[in-house]
Amino acid sequence: MALIKFWLKLERTVVATLLGLIVICVFMAAVMRTVGLPIIWSVDIAQLLFVWVCMLGGNQAMHSGDHVGIDYFVKRFSRKVQLGIDAAMYALILFFLAALIVYGIKLTLLNPERELGAVRLPYSLVTAAIPLGGALMFCTAAAQFVYIIRVLLGQVDADYSLSFMQKFVADSDPVAPAQAKL
Amino acid sequence: MITVAVVFTVLLVLRMPLAFAVGIAGASYFVGSEFLPLTVAVQRIASASQSFPLLAVPFFILAGQLMNISGITTHLIRFSQLLVSWISGGLAHVSIVLSAMMGGVSGSAVADASMQARVLGPSMIDSGLSKGFTSAAIAVGALITATIPPSIGLILYGFMGNVSIGKLFIAGLVPGLLMTLVLMLAVYWVAKRRGIGAQSLEKPTAKAIGKGLLDAKWAVLFPVLLIITIRWGIFTPSEAGAFAVVYALAVGHFAYRNLTFNNVFRALQKSVNDIGMIMLIILFANIVSYAIAFEQLPQAMTEALVTVTERPTVMLLLILAFLGVIGMVMEATVIVLLLTPILVPVVTAMGIDPVHFGILMMIMVTLGGMTPPVGVAMYAVCGILKCPTERYVVESLPLIFAVLLLVVFLALVPSVVLFLPNGLMS
């Protein structure tokens, strides 16, 4: 548990740093071009980091239960039915992410010579973000899936204050509902 | 393609997270096809992430977060209060003017709505406005953010439909200001009918306004700088996004002295979640847009629509009505991502300017977020202010009606939208 917590914190710090670096890269490129000293590699680096921010950020959002869906219909069901539906959705997500990992690896290995714009870095550094980010999300989704299944089987008492469990809490319930984003 | 639509709808109804509903529906097209390998679907995700215009999305999300911690928001609230709290309807006007000014730096209507509900909402209710009306003014007022540049929705529209984002930004300015005016008129009308008074008793003097403007100068200056830099080609919209981040940091540090390393880093971390959520939807939607192009859906759609009517204006109004209905049941980002590649070729074939259409489309789909059954901005505001949906709905009607009138006007008179971008950028 402590290890997972450490990893999450590390991942969060890394993504936030990457995001800061992207801002610097793009801003610097724009300023240098305006003063007549263009740096060609700067934007390429920003693009490369961007795909990693997207995929790792996708995993962070999953941890916090920020990937919202439309709950207008499902909210009408009892909590038990909701948990059942969600378990099915998690199974589909896991299936989708598994495909993303497998075909992402295939794509990464497909064309090793391709280079990324002006920097002489392999393009596979971009594509690799997809299977790797997919794998991280797979772990997150799997852990949440197992938790929901165990709640359904009655093996653990559901803790609805967990961020990914808050969608099962109705507005009228005493625990504060997750604040809508997007 | 029908499979894709069915899979998508079923998953949505079952509360599949939007990103995965889009991704799985897109993948189902590749699985069902004999000659399309799934590696192409993954390739679509990678190639979307390498698009430079899309970089503007994380930048403006981050800039919005930084605005709140840098003190820009506080200064804008103070200035809005000074400007309009003397009009009948008081703080409701402040909320609307604040949306217009915030919209000049932040690009997300929902972020604006939830920020205002938290910061301004309680004092609005204390000032005697009903809960329903407070929520309605905040939520519908946030619609202004969606058109005033920078707007994340317009970035996505430009990206998916291959339309100049710079032009869209400049085109959004006049409609955004008109919407501010129209919403203020609607608030005024409601306030007068109910005898809701003003917040402050006297009009600010020109001197007080000048002083307030000076106090808020860094915040007010940003949208002006944005338009100037994009218009004269100093920055592309993405670079302007990076500039917005640096600007918010500089103002927060040098002018307002609010920033510490820790709260900047916290803003970065908070943005990461929002970026991860929205970017995953965008990247996965690129799988579906491949299927749309592969099936030549726009062509088929144009042919079908021409049989209904050949008059472009009627067609435009019909499409907008359709978007309004879809907007009520679907989240705005997803509609823009999925329907832009279909609709832009259709309207272009009809002789409608895609910049004109983009602004109207953005207003209609974002408005859907302010209405039930699926209204992200509405739920955000009502959730924070604990306002029952029914009361919100009743109170939002005059405001929504005012917006719809404006949309019809803008649809009938394209030059109101287009004179600025066509005059400034040719």
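Derivation of every value follows stated rules applied to the coordinates shown; laboratory data play no part. Small disclaimer: the values here were computed from a predicted structure and weren't measured. Cβ coordinates were reconstructed from backbone atoms using ideal geometry, including for glycine residues, and neighbour counts include every protein chain displayed.
Quick one: of A:Lys9/A:Lys167; A:Lys80/A:Lys167; A:Lys9/A:Lys106, which pairs are farther than 18 Å apart, Cα to Cα? Where the Cα-Cα span goes over 18 Å, the pairs concerned are A:Lys9/A:Lys167; A:Lys9/A:Lys106.
Hey, if you put +1 on the Cβ of every Lys and Arg and -1 on every Asp and Glu Cβ in the protein assembly as shown, which of B:Phe59, B:His356, B:Ile278 ends up farthest toward the positive end of that dipole? Result: B:Phe59.
Multiply the residue separation of B:Phe419 and B:Asn162 by 0.36 nm, subtract the distance between their alpha-carbon atoms, and state the gained length in nm to one decimal.
On the way: separation 257, 0.36 × 257 = 92.52 nm, distance 2.05 nm.
Length difference between fully extended and current span is 90.5 nm.
Converting phi to 3J(HN,Hα) with the Karplus coefficients 6.51, -1.76 and 1.60 and the offset θ = phi - 60°, the range B:196-211 yields 6, x, 8, 8, 10, 7, 10, 5, x, 6, 4, 5, 5, 5, x, 5 Hz in sequence order, with x at every glycine or proline.
Sites count as exposed loop sites when they are chymotrypsin sites (Phe, Trp or Tyr not before Pro), lie in a DSSP loop, and have at most 16 other Cβ atoms within 10 angstrom; the longest stretch of chain A without one is A:78-159. From the Kirkwood radius over Cα pairs of the range B:383-426, Stokes-Einstein at 37 °C and 0.692 mPa s returns a whole-number translational diffusion coefficient of 251 µm²/s. From the largest down, the range B:21-130 spans 66, 29, 19 angstrom on the principal axes of its Cα atoms.
Computed over the range B:123-197, relative contact order equals 29 percent, with contacts defined as Cα pairs under 8 Å that lie 6+ residues apart.
Taking the Cα centre of the range B:228-355 as reference, the dipole from Cβ charges on Lys and Arg (+1) and Asp and Glu (-1) amounts to some 600 debye.
Working from Cα pairs under 8 Å separated by at least six residues, relative contact order for the range B:334-388 is 19 percent. The label-point distance for B:Leu225 and A:Phe73, in a model that sets each label 7 Å from Cα toward Cβ, rounds to 4.7 nm. For the Cα trace of the protein assembly as shown, dividing Rg by the Kirkwood Rh returns an Rg/Rh value of 0.95. Springs join every pair of Cα atoms under 10 Å in this Gaussian network model of chain B, and among B:Arg391, B:Arg78, B:Arg15 the largest mean-square fluctuation is at B:Arg15.
How big is the dipole moment of the range A:39-182 about its Cα centre under a simple scheme where the beta carbon of each Lys and Arg is +1, that of each Asp and Glu is -1, and everything else is neutral? Debye, nearest 20, please. Present the calculation step by step, with values, prior to reporting the outcome.
Working: 10 positive and 10 negative charges, 50 e Å.
The dipole magnitude comes to about 240 debye.
Let me know the mean shielding of B:229-242 by other chains, meaning the per-residue number of their Cβ atoms within 10 Å of its Cβ.
Working: counts 2, 0, 0, 0, 1, 4, 6, 2, 0, 4, 8, 2, 3, 11.
For this peptide, the per-residue mean of nearby foreign Cβ atoms is 3.
You can think of it this way: the chain between B:Lys203 and B:Phe35 has 53.5 nm of extra reach, that is 0.36 nm per residue less the Cα-Cα gap. So if R0 is 35 Å, what FRET efficiency would B:Ile234 and B:Leu181 give, r being the distance between their Cβ atoms, rounded to the nearest 0.05? The computed FRET efficiency comes out at 0.70.
Its Kirkwood hydrodynamic radius, worked out from the mean inverse distance over all distinct Cα pairs, puts chain B at 22.0 Å.
For the pair B:Phe294 and B:Thr3, label points projected 7 Å from Cα toward Cβ lie 1.0 nm apart.
Considering only alpha-carbon pairs that sit under 8 angstrom and 6 or more positions apart, the relative contact order computed for chain A is 24 percent. Helix B:297-308 and the longest principal axis of the C-alpha atoms of chain B enclose an angle of approximately 80°.
In sequence order, the range B:326-331 has phi-based couplings of 4, x, 5, 9, 10, 6 Hz under the Karplus curve 6.51 cos²θ - 1.76 cosθ + 1.60, θ = phi - 60°, and Gly or Pro positions carry x. A Förster radius of 41 Å combined with the Cβ-Cβ distance from A:Leu8 to A:Val81 puts the calculated FRET efficiency at roughly 0.85.
Under the classification rounded if a/c is under 1.5, otherwise prolate if a/b is larger than b/c and oblate if not, where does the range A:14-116 fall, given a ≥ b ≥ c as square roots of the Cα gyration tensor eigenvalues? It comes out oblate by the Cα gyration axes. Return the tail of the calculated pair distribution for the range A:43-182, meaning the percent of Cα-Cα pairs more than 17 Å apart. Tail fraction, whole percent: 66. In the frame of its principal axes, the range B:178-271 has Cα extents of 47, 32, 32 Å, reported largest first.
Rounded to the nearest 500 deg cm²/dmol, what is the calculated helix-only ellipticity per residue at 222 nm for chain A, with -39500 (n - 2.57) per DSSP H run of length n ≥ 4? Computed ellipticity for chain A at 222 nm equals -22500 deg cm²/dmol. Rounded, prolate or oblate: which fits the range B:343-426, taking a ≥ b ≥ c as square roots of the Cα gyration tensor eigenvalues, rounded meaning a/c under 1.5, else prolate when a/b beats b/c? Here the range B:343-426 falls in the prolate category. With the charge dipole of chain B set up from +1 on Lys and Arg Cβ and -1 on Asp and Glu Cβ about the Cα centre, the Cα lying farthest toward the positive end among the listed residues B:Leu38, B:Ser108, B:Leu168 is that of B:Ser108.
Taking the range B:118-229 as the region of interest, the number of lysine pairs whose Cα atoms are within less than 20 Å, with members eight or more places apart or on different chains, is 4.
Here is how the number arises for chain B: DSSP H runs of 4 or more residues each give -39500 (n - 2.57), the sum is divided by the residue count, and the result at 222 nm is -25500 deg cm²/dmol. The phi-based Karplus calculation (6.51 cos²θ - 1.76 cosθ + 1.60; θ = phi - 60°) puts the 3J(HN,Hα) values of the range B:57-68 at 4, x, 4, 6, 5, 5, 4, x, 4, 5, 4, 5 Hz, whole numbers, x for Gly and Pro.
Could you tell me whether the range B:259-384 comes out rounded, prolate or oblate from its Cα gyration tensor? Rule is a ≥ b ≥ c as square roots of the eigenvalues, rounded for a/c under 1.5, then prolate if a/b exceeds b/c, otherwise oblate. Because a/c hits 1.5 or more and a/b exceeds b/c, the range B:259-384 counts as prolate. Net length available on complete extension from A:Cys139 to A:Arg120 is 3.6 nm, with 0.36 nm assigned per residue and the Cα-Cα distance removed.
Taking the Cα centre of the range B:65-205 as reference, the dipole from Cβ charges on Lys and Arg (+1) and Asp and Glu (-1) amounts to some 220 debye.
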